[in-house]
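Quick notes on the structure that follows.
The values are calculated or read from the model by the stated rules, or taken from the named source; none is laboratory data. Please read these numbers as outputs of a predicted model, since none were measured by experiment. Note that we place each Cβ from the backbone using ideal geometry, even for glycine, and neighbour counts take in every protein chain shown. Note: areas computed on protein heavy atoms with side chains; ligands, DNA, RNA excluded. Shrake-Rupley method; radii C 1.70, N 1.55, O 1.52, S 1.80 Å.
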Amino acid sequence: MDAEYAPQQLQLQATHLPVATPTYILRGHSSSVQALHFFGRNSRLASGDADGWIVVWDVVTKRPIAVWKAHEAAVLEVKGFCFGDSSSVDEMDIYTHGRDHKLRAWKIRANDEGLLDKVLPVERGGKGPHAETALQPWLIHSLSVNALNFCAFSLCFIEGLCPEKQEVGSVDPHKLDNSGRQHKSSQVPMLIAAPNALNTGGVDILHLPSERRVSTIAADSSTETGMVMTVNIFLSSSCVLYAVSGFEDGHVMVHVRRGMLTLLDAEHRDTSVWKWDKIYSARPHTQPVLSLDVSPENDYFLTSSVDALLIKHPIPDILLGDRPSEMEGNTPLRVLNTKHAGQQDLRIRSDGKIFATAGWDSRIRVYSCKTMKELAVLKWHKEGCYAVAFAGIDIETMSISRPVRDRSASSEDNKREDTPEGDSAQVEKMNSLKDIQQQRSQKAQLTHWLAAGSKDGKITLWDIY
C-alpha cells in the first residue's frame with residue numbers, strides 16, 4: 001500500500017517546493033533588454049536595450065557606474081572586458097553593435113567612473129535632455145557594418161599569437177579578460193566577425209585596432225541559406241581560427257581557416273593566407289537560427305531557433321587528419337524538442353556544465369550540457385525574454401578571494417606607533433568598513449549569477465547551482 005502511494009507522495013512534495021524567485025531585479029531600461037554580459041571578474045554587468053542605451057552595472061552595489069546612448073537604434077550585442085591586475089580595474093573596453101549599422105568600441109578608465117553619467121533610461125523617459133550632452137566613455141573605434149540580419153558580432157582576442165610561422169602554445173581568450181598586458185592604442189588586438197555588407201549570407205572578418213577587413217567567408221553557393229543570423233569565431237588551442245554560423249533557412253555551418261593563424265596573417269588582408277574550408281554543414285532547424293554558443297572546450301556548439309528545437313552539434317578537429325569533404329553533412333549529436341518555440345538567446349556557462357535559454361514565453365530555462373535535460377524553469381518576467389548571461393565560473397575567478405585583514409594585528413601596530421586613542425578608534429573603524437566592503441565584493445563576484453533581460457526592460461539576477 002505504501003509503495004502504491006509513494007509516487008503520489010513525491011508529487012505532492014514537489015508541488016509544495018518554494019517557487020524560485022530572482023535574488024535581485026535591476027530596473028533601469030525603458031525598453032526591451034537585448035544584450036547582457038558579465039565581465040571584470042564578475043564585478044560588472046553590461047546591458048543594452050532596444051533604444052540604443054548601454055548601462056554598465058556594479059554587480060556588488062547593483063547600481064549603474066556608466067549610462068550612455070551608444071546607438072541610434074536597438075543594441076544587438078554588448079561585450080565588456082577589464083584590464084588590470086587581480087586587485088584593481090585600470091580600464092574597461094566596451095564593444096557595442098547596433099541596428100544603426102555601427103560597431104563601436106568604448107573605453108572607461110578607472111578615474112572616469114565618478115564623472116560619467118549615471119541617469120538611467122527609465123529615469124529620463126526616453127532620450128531626455130542629457131542624452132546628447134552627458135559625459136560618455138571615450139569612443140575609440142566606430143566601424144560601419146551590416147545590421148540588416150539582426151546578427152550580432154562575435155570577437156576573439158589574438159594577443160597570444162606568434163608574429164610568424166612557428167610552433168605556438170595554447171591560447172585561452174577567457175583569461176585575457178583580466179590581463180594586465182597593454183598594447184599600442186591601449187587595446188588588445190582582436191578579430192571580429194560580422195555579416196558581410198554586400199551579401200547577407202557571408203561573414204566579414206575585421207581586425208582591431210587597425211579597423212581593416214582582412215577576410216570574408218563567402219555565402220554558400222551550393223544552397224540558398226538566406227541571411228546569416230548568428231555567428232561565433234574562436235581560436236583553438238593550436239591557434240586555428242574557426243567560424244560557426246547559423247542561417248535564416250535553419251542551416252548551421254562550421255568553417256575553418258587553413259593553417260595556424262599568426263599575427264602577421266591577422267593584421268593584413270592577403271587572400272593567399274586566408275583560405276576557408278567548410279568542415280560541417282547541417283540543416284536540423286526548420287526555422288531561422290536565433291542563437292548559438294560554443295562550449296568552453298571548443299568541441300561542440302548549441303543552437304536555438306524560432307522552432308522548438310535545441311540542438312548540439314560537433315565541431316570537427318581538423319588536426320585529427322579528417323578531410324573537409326568528409327565532414328559535410330554530419331548529423332547533430334543531440335536534438336531536443338522543447339515544445340517551446342522561440343528561444344531567443346542561448347548561453348553556455350564557463351564551466352561547461354549547464355546552459356540557459358531566454359524564451360519568447362517569458363521563461364528562462366536551464367539545461368544540462370551533457371544530457372540536455374531540463375533542470376529548471378525560471379519565471380518572473382511577464383513579457384518575452386531576449387537575453388541571458390552567466391557570470392564566470394572558473395579557477396581564475398576564484399583567485400580573487402584574499403584573506404581578511406587581521407584586526408588584532410592592526411590594533412597592535414597602532415599601539416606601537418603611539419597613535420592617539422581617538423585616532424586609533426577611527427582607523428579601526430575604517431579598517432572594519434573596508435573588511436566588510438571586501439567581503440561583500442568577494443561574495444558578489446563568486447556568486448553563480450544568471451542574468452536575464454526582458455521586453456519589460458528589467459533584468460533579473462538569479463543565484464543558481
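Accessible area per residue was computed with a 1.4 Å probe on protein heavy atoms; THR23 scores about 70 Å². At the residue level, PHE39 shows approximately 0 square angstrom of accessible surface with a 1.4 angstrom probe and all protein chains present.
Relative contact order of region 326-372: 28 percent, from C-alpha pairs under 8 Å at least 6 residues apart in sequence. When the pairs LYS79/LYS379; LYS339/LYS455; LYS69/LYS458; LYS69/LYS434; LYS62/LYS312; LYS379/LYS455 are compared against a 24 Å limit on Cα-Cα distance, LYS79/LYS379; LYS69/LYS434; LYS62/LYS312 fall above it. For the set MET229, MET372, the ranking by accessible area, highest first and with no ligand, DNA or RNA atoms included, is MET229, MET372 under a 1.4 Å probe.
In the context of the full protein assembly, SER432 retains an accessible surface of approximately 30 Å², using a probe radius of 1.4 Å and ignoring ligands and nucleic acids. The residues packed around ILE354, meaning those with a beta-carbon under 11 Å from its beta-carbon, carry a net charge of +4 if Lys and Arg are +1 and Asp and Glu are -1.
Counting only protein chain heavy atoms and rolling a 1.4 Å probe, the accessible areas of TRP274, TRP360 rank, largest first, as TRP360, TRP274.
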